[in-house]
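Okay, structure first, notes after.
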Amino acid sequence: MTIALQPSAAGNRALLFVFLAATIEGFDLQAAGVAAPKIAPVFHLTPQQMGLFFSSATLGLMFGALAGGYTADRWGRRTGLVIALLAFGVASLATVFATSVDMLIGLRFLTGVGLGGALPNLVSIASEAVAPERKGRAVALMYAGMPLGAAVASLVALLDFHGNDWRSIFLVGGLLPLLLVPPIIAGLPALKIAPHGHERAVSWTEIFRREAIGTTALLWTAFFLGLMVVYLLMNWLPQLLVVHGFSRSEASLAQILYSLGGVAGSLIGGHLLDSRWRLPAIGASFVFVAAALAMLGLLPPVLALTLFVVALVGGGVLCVQSILYGVAPQCYPTRIRGTGVGLVVAVGRLGSMAGPLLAGMLVAYGSTPSDVMLIMVPVILVCGIGTLALIARGFRPALA
């Protein structure tokens, strides 16, 4: 069992900590994209090396999610979160001193490991910090920090706050998680899992038992497809808008509105998940995302209208993703929740790698920005069908 946080001020304090940590994580995830235009000429990066620089963090995220989930269940949520914050904070700071391309790529991989390790702990803490009827909103509040942090990083790029010094973005991204560690140690209970009564230790392989495999398959499929769309848009939206005729500054502004829309959408997703009419409301949210993507693909290159629809797309996409993050911890009992969520996040990271690769392949074969957006419509609808099936059958697999 875990140390209960709700309904005292301890629960609200825990939510504040995980929101701040998620905001820092969102900033660090976007840091590479912000610094890339300044890094490329310094290290004389080829397009292939630039691709490795970006993808190394994503690969690290996958391994980190597995390790972070195991750490959460083995040594406690607080310990797992602190280790992850220290890992990506130190790796981001070390990036400031990179002197070669190999060192740059290796440190970005280690940063990704830390970032990936944080997420299962953040999801578990948020889910366990509140009463059962508020779990969706709590996880959504935590998740809203990630697009907010990404928006701040994008704003830094748009306003060129970091000037010609690419190191400053990694310096800030490294210091912030390290500064958050002492308050978390002082103010967050250990949340350590301890055997109690008839409860027994559960192997991670039990999520593949016959009575649980259906839930696991639906959850993994939905996460893979959902993060495929999220990261395709996160990585390719500015380039696609430039190809569509907009300037780079206009595309950067669109990226910020996409992230800010995602903040609002994340919070809405949590309310939908906790609502009495969750099934029709969530179904409608996926239809909304599909319609917004289609609209973005079919719009003429009119700036004001495009910015408005981009914000709608960001709100819709992050709304349904926050729903999935809210569902995930409710699918696993407390004693294996960190591991279960870690595995889900790792599978989702495969989707986050597949999305940008798919967009690159489509563009290479002559697809227009409109084509790319329209191809995402059936992907998000299949994700929605899987999510609705998961919710309709009930969250929790039989793992007692």
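Structural remarks
- By average C-beta atoms within 10 angstrom, highest first, the peptides 143-152, 365-374, 173-182, 75-84: 143-152, 75-84, 173-182, 365-374
- Considering only alpha-carbon pairs that sit under 8 angstrom and 6 or more positions apart, the relative contact order computed for the chain is 26 percent.
- The charge dipole of the chain, taken about its Cα centre with unit charges on the Cβ atoms of Lys, Arg (+1), Asp and Glu (-1) only, comes to about 940 debye.
- Within region 274-293: backbone nitrogen closer than 14 Å to the GLU133 label point (7 Å, Cα to C-beta): 274-277
- Oblate is the label for region 323-392. Its Cα gyration tensor axes, ordered a ≥ b ≥ c, give a/c of at least 1.5 and b/c at or above a/b.
- Solvent exposure of region 225-291 as accessible area per residue, Å², 1.4 Å probe: 42
- Extents of region 62-117, largest first, come to 37, 18, 10 Å (Cα atoms, principal axes, whole angstrom).
- Heavy-atom accessible area for SER154, with the other protein chains in place and a 1.4 Å probe, reaches approximately 10 Å².
- Residue-wise HN-Hα coupling along region 359-374, computed from phi with Karplus coefficients 6.51, -1.76, 1.60 (Hz; x: Gly, Pro): 4, x, 5, 5, 5, 4, 8, x, 5, 7, x, 4, 4, 4, 5, 5
- Heavy-atom accessible surface of the chain: percent carbon and sulfur, 1.4 Å: 72
- Cα pair distances exceeding 23 angstrom across region 104-187, given as percent: 36
- Accessible surface comparison of PHE308, PHE170, PHE288, PHE43, probe 1.4 Å, protein chains only, largest first: the order is PHE308, PHE288, PHE43, PHE170.
- Using a probe of 1.4 Å, the accessible surface attributed to THR46 totals some 60 Å² when neighbouring protein chains are kept in position.
- Scoring 35-41, 226-232 by mean Cβ neighbours within 10 Å over their residues and listing the highest first yields 226-232, 35-41.
- Per residue, in Å², the accessible surface of region 50-110 once ligands and nucleic acids are set aside, probe 1.4 Å: 40
- A protection proxy built from the mean count of other Cβ atoms within 10 Å ranks the segments 119-126, 258-265, most packed first, as 119-126, 258-265.
- Once the chain from PHE208 to ALA264 is taken as fully extended at 0.36 nm per residue, the excess over their C-alpha distance is 16.7 nm.
The values are calculated or read from the model by the stated rules, or taken from the named source; none is laboratory data. Everything numeric in this text was worked out from a predicted model, so none of it was measured. Virtual Cβ from ideal backbone geometry, glycine too; neighbours counted across all protein chains shown. In case anyone asks, the SASA skips ligands and DNA or RNA and just uses the protein heavy atoms, side chains included. Shrake-Rupley method; radii C 1.70, N 1.55, O 1.52, S 1.80 Å.
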